[in-house]
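The values are calculated or read from the model by the stated rules, or taken from the named source; none is laboratory data. Being a predicted model, the structure only gives us computed values, none of them experimental. Here Cβ is always computed from backbone atoms with ideal geometry, including for glycine, and neighbour counts include all displayed protein chains.
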Amino acid sequence: MFNLSKFLKLSKRQSGVGISLSNSSIRMAEVFFKNNSLVLSQLGEMELSPGCFAENGEIIKPDEIYRALNELAEINDLRTKEVVTAIHGEMVVVRQFFLPFMPEKDLASAVVWEAENYIPFDLNDVEMDFAIAARDEENAQFNILVAAVPRSLVWQYYDLFTSCGIELIAIEVEPVAITRLPKLLLDQHNLTFPTALVDLGDNYTNLVVVSQKDVHFMRTIPMGFAKNDAKKEKNLVELKDEMEYEDKLNEMAFEVDRSLKYLQSRNGSTSVSQILISGIGADSNAERILNGILNLPVETLKFSLQDFKGNPFLLQPKYGVALGLALREVD
């Protein structure tokens, strides 16, 4: 049910559906392959009232989310009812640590042993998975990515989707979904690696640093941008709100800068060359502020796919997580 092990390796399904959940909306993306090209077959969003999820990720208003999920599935006539979703919230734990090279058959038990030092829950009460994020040949060690979620929280999400007739084939965490996006972006951005991906989401900001094959760093920052986006769409932003929004962007940018400096101190060979941003908070203001603080080129992600008629379709950056989840299941 809870699987992170293919975060940069895609399976052999011909289609994939990703559904991302937040306190403001549910977003869905469905993709499939046609003539060796990735095609966007469905895209949708349903708004939610505030307070559907607690800060720790627990579901507070299951009836409202149930209705929105059902409506989203019916309107979009999904090719498959097998989907991937992500859990967010304070109870989601993502950690990275190093282990010496060893036979992979011994790695799982070593990860469990080491994870007890990083996971603030009884490991008997969580769903936990891990992946080799990178291999440090110089120091003969694995960079291990571990994610853990309380089992009770996983079952809340599983029961919710099952009640809608939707089969959850995987539950992930949002930063892992973001790591798949470079596969789509190589032809649309002049990527240089390592690249930092920053998803300014509704409830959280996710930062990942990737190269073509490795994940060097991952962090979730408890700072979201949904409220301001909703106000901007309704043209109701007052000067005070604009100032608060810029203050939040500045705070987020300083956190990203702090993380990148930590990564550089930990691994001197990992020097980020550019920042790509996505999420509901991605706009020219975010580009400007991140560029000013980090002194790196910053660009909003452009997701250009074909629709089912072969026409180019440009996705809004807020669909980044849903798209990353959908990509888990396609080749």
*Which of the residues spanning the stretch 103-122 are surrounded by 12 or more Cβ atoms within 10 Å (Cβ to Cβ) and in contact (Cβ under 8 Å) with a residue 24 or more places away in the chain?*
LEU107, VAL111, GLU114, ALA115, TYR118, ILE119, PHE121
*Please specify each residue of the stretch 279-331 satisfying the condition of being exposed (fewer than 15 other Cβ atoms within 10 Å of the Cβ) and of a type in the set (Gly, Ala, Ser).*
SER284, GLY292, SER304, GLY310
*Considering residues of the stretch 62-83 that are surrounded by 17 or more Cβ atoms within 10 Å (Cβ to Cβ) and modelled with pLDDT of 90 or more only, the residue farthest from ILE280 (Cα to Cα)*: VAL83
*Could you grab me the full set of residues in the stretch 140-186 that are in a strand (DSSP E or B), within 19 Å of the chain's Cα centre (by Cα) and charged (D, E, K, R)?*
GLU172
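Does ALA86 meet the test of being assigned by TED's automatic domain parsing to the domain that holds GLU172, crowded, with 18+ Cβ neighbours inside 10 Å and part of a helix (DSSP H, G or I)? It would help to see each step written out before you state the result.
On the way: assigned by TED's automatic domain parsing to the domain that holds GLU172: yes; crowded, with 18+ Cβ neighbours inside 10 Å: yes; part of a helix (DSSP H, G or I): no.
Here the answer is no, as ALA86 does not meet what is asked.
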_Index of the failed condition, THR300 passing every other in (1) within 25 Å of SER25 (Cα to Cα); (2) β-branched (Val, Ile, Thr); (3) touching a residue at least 40 places away in the same chain (Cβ under 8 Å)_ = (3)
_Being at pLDDT below 95 and outside the structural domain of MET28 (by TED's automatic domain parsing) narrows it down to one residue among ALA133, ALA110, ALA170, ALA115; which is it?_
ALA133
*asked:* With the requirement that a residue be within 22 Å of the chain's Cα centre (by Cα) and not in a strand (DSSP E or B), what does the stretch 297-320 give you?
replied: PRO297, LEU301, LYS302, GLN316, PRO317, LYS318, TYR319, GLY320
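Given the residues GLY292, GLY279, GLY324, GLY320, which is the only one that is without any contact (Cβ under 8 Å) to a residue 60 or more places away in the chain and of a type outside the set (A, V, I, L, M, F, W, C)?
Details: GLY279 fails: without any contact (Cβ under 8 Å) to a residue 60 or more places away in the chain; GLY324 fails: without any contact (Cβ under 8 Å) to a residue 60 or more places away in the chain; GLY320 fails: without any contact (Cβ under 8 Å) to a residue 60 or more places away in the chain.
Answer to the check: GLY292.
Among residues belonging to the stretch 255-308 that are of a type in the set (Lys, Arg) and modelled with pLDDT under 90, point out the one that is farthest from ASP199 (Cα to Cα).
Going through the stretch 255-308, the residues of a type in the set (Lys, Arg) turn out to be 258, 261, 266, 288, 302.
Right, trim to modelled with pLDDT under 90 and you get 266, 302.
On the way: ARG266: 23, LYS302: 13 Å.
Checked the stretch 255-308; the qualifying residue farthest from ASP199 (Cα to Cα) is ARG266.
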*Are there any pairs, at least 6 apart or on different chains, whose C-beta atoms fall under 8 Å, with the first in the stretch 143-163 and touching a residue at least 40 places away in the same chain (Cβ under 8 Å) and the second in a helix (DSSP H, G or I) and of a type in the set (Phe, Trp, Tyr), and if so, which?*
LEU160/TYR66; SER163/TYR66
